[in-house]
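Remarks on the structure that follows.
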Amino acid sequence: MEKGQKDIAVCFPFKKENVEDFKNNIKEALSHERVGHVILVGYNENETYRGISDFISTLKAEEKSRISLIIQKRLGTKRRAGKGDGMNTAIQYFVERGKEKFLHFYDADIKSFSRTWIDRVQLRLDEGYHVSRCFFPRAYTDAMVTWNITRTGFAYVWPHTILPDIEQPLGGELGFTREVAERLAKDKIVLEASDWSIDTALTISFARYGVKLYEVYIKEGKHHKLYGKLSDLETMTVECFDFIRENKNLRIDTDRMVYHKDNTVEVPQEYKTRIAFDIDGTIREFKEGWTEKMKSLLLEYFPSHIRERVSKAISDGDYDFMNPTLWYESYEIFMKHFDPTIEEWRKLLFKLWVLRVLNHTKLALKDPDASLRSLKEMIELFRARAGVKNRHF
Ligand code: DGY
């Protein structure tokens, strides 16, 4: 990099956010000597958009000239319009209008974001990696989509690749080169990932392109707004699963891909025991909303040793059984038969995932270290079983 060159664009996609946190993050990005462009992509012209627009009008002319505030376009044609359309709009905007060499993304609501994150991501891009992505210490009861849907799904569908080893494949804090952005901007698979599936789509695409990928450990963690009951994650759970299912016939070979990551130090004790969601509220909700059609799908597709335990969970509140082995069997059934156009399949997937999370959570509360080991072993179990079966993929 030549001295004084502004070669990084930073994008914050947003929907409804805490405006004060968001303003701080914009200021941090603007204060970085290499950031030439800050792209803010809003879901629509809501209150957050107006708050940010007012804030921009108070900035100095030089700072204003480095900000673009835009509304996301509808780029996908099949899936819900969500975060994916926002990120894809930013990628296209950067490719068509930006001059910078690198594009970074960060969530708008992070309370612990600082300009040093930009340095830590950029360090690896400067070293020649094409993609540099953050990962964070997370509570042992958090990241339940990551573990039970995404990493398991990668192990199920692409057991022979490094995909299941990627620490946080749903991470939205990352940077990549202009060349990668140009490929993504034209990639149909990525453009169709208009909802929560975008992070999975990016991860899979980095593997398809055979990039050099680095995962950067941000040890201070990502402090952001938390969720309540697991139902807050229902849409994300289903959309992340469905994207993997839909793309299960993609041939991916990561033999040439270079993947390195930071070594992590021991996860701080507070993370090990922190409870990431409202357990009682989740259990209460689990019992509700079981329709006849959902029960008939259970009966038709699931073996008796699973469906009887599910029935007992609904009737007697006996929730603690969906261990990694039973989850593998269930996951396989969803992979084969799940139909995203049928609401009851979506609900059933979510309910069984809740049972999986509750089973894990019980262990995490009793023995946090054993629970983390068991998540890692679950990925290996999926990989080992699927590795034999899925050679045809
Ligand atoms: C995940 O699983 O990584 C999601 O962010 C929810 O915590």
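Annotations
- Some residue of the stretch 144-158 being within 14 Å of the ligand (Cβ to nearest atom), within 18 Å of Cys240 (Cα to Cα), without any contact (Cβ under 8 Å) to a residue 40 or more places away in the chain and surrounded by fewer than 23 Cβ atoms within 10 Å (Cβ to Cβ): yes
One line per residue, one yes/no per condition, for (1) within 20 Å of Gly171 (Cβ to Cβ); (2) not in a loop (DSSP other than H, G, I, E, B):
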site: Val10; (1), (2): yes, yes
site: Asp21; (1), (2): yes, yes
site: Glu28; (1), (2): yes, yes
site: Thr48; (1), (2): no, yes
site: Ile56; (1), (2): no, yes
site: Leu59; (1), (2): no, no
site: Ser68; (1), (2): no, yes
site: Ala81; (1), (2): no, no
site: Ile91; (1), (2): yes, yes
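- Only one of the numbered conditions (1) within 16 Å of the ligand (Cβ to nearest atom); (2) surrounded by fewer than 21 Cβ atoms within 10 Å (Cβ to Cβ) is violated by Arg133, and that is (2).
- For the stretch 97-117, the candidate set comprises residues that are outside any loop (DSSP other than H, G, I, E, B) and surrounded by 23 or more Cβ atoms within 10 Å (Cβ to Cβ); within that set, the residue that is nearest to the ligand (Cβ to nearest atom) is Phe105.
- Residue satisfying all of: in the stretch 299-325; within 24 Å of Asp232 (Cα to Cα) and in a helix (DSSP H, G or I); most open to solvent (accessible area, probe 1.4 Å) among these: Ser315
- Odd one out for Glu45, checked against (1) open to solvent by 30 Å² or more (accessible area, probe 1.4 Å); (2) within 16 Å of the ligand (Cβ to nearest atom); (3) in contact with a strand residue (DSSP E or B) (Cβ under 7 Å, 6 or more places away or on another chain): (2)
- Residue pairs whose Cβ atoms lie under 6 Å apart, separated by 6 or more positions or on different chains, with the first residue in the stretch 300-315 and under 13 Å from Ser330 (Cβ atoms) and assigned by TED's automatic domain parsing to the domain that holds Val354 and the second open to solvent by 40 Å² or more (accessible area, probe 1.4 Å) and not small (Gly, Ala, Ser), are Tyr301/His337.
- Flag if Pro164 is assigned by TED's automatic domain parsing to the domain that holds Glu234 and part of a loop (DSSP other than H, G, I, E, B): no
- Matching entry among Lys188, Lys225 (being free of Cβ contacts under 8 Å to residues at least 40 places away in the same chain, out of contact with any helix residue (DSSP H, G or I) (no Cβ under 7 Å at 6 or more places or on another chain) and not hydroxyl-bearing (Ser, Thr, Tyr)): Lys188
- Residue count for the stretch 162-174 under the criterion of being away from the ligand (no atom under 13 Å from the Cβ) and open to solvent by 10 Å² or more (accessible area, probe 1.4 Å): the result is 2.
- Near pairs, Cβ below 6 angstrom, 6+ apart or cross-chain, from the stretch 257-273 (under 13 Å from Asp369 (Cα atoms) and surrounded by 12 or more Cβ atoms within 10 Å (Cβ to Cβ)) to any residue that is modelled with pLDDT of 85 or more and hydrophobic (A, V, I, L, M, F, W, C): Tyr271/Ala139
Conditions (1) modelled with pLDDT of 95 or more; (2) of a type in the set (S, T, N, Q); (3) touching a strand residue (DSSP E or B) at 6+ places or on another chain (Cβ under 6 Å), marked per residue:
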site: Asn88; (1), (2), (3): yes, yes, no
site: Gln92; (1), (2), (3): yes, yes, no
site: Gly98; (1), (2), (3): no, no, yes
site: Phe105; (1), (2), (3): yes, no, yes
site: Arg115; (1), (2), (3): yes, no, no
site: Val121; (1), (2), (3): yes, no, yes
site: Gly128; (1), (2), (3): yes, no, no
site: Phe135; (1), (2), (3): yes, no, yes
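- Any helices (runs of 4 or more DSSP H) falling wholly within the stretch 228-298 and containing at least 1 residues that are within 16 Å of the ligand (Cβ to nearest atom) and among the aromatic types (Phe, Trp, Tyr): 234-246, 269-273
The values are calculated or read from the model by the stated rules, or taken from the named source; none is laboratory data. Source: prediction; values computed, not measured. Virtual Cβ from ideal backbone geometry, glycine too; neighbours counted across all protein chains shown. Surface accessibility is based on the protein's heavy atoms, side chains included, excluding ligands, DNA and RNA. Shrake-Rupley method; radii C 1.70, N 1.55, O 1.52, S 1.80 Å.
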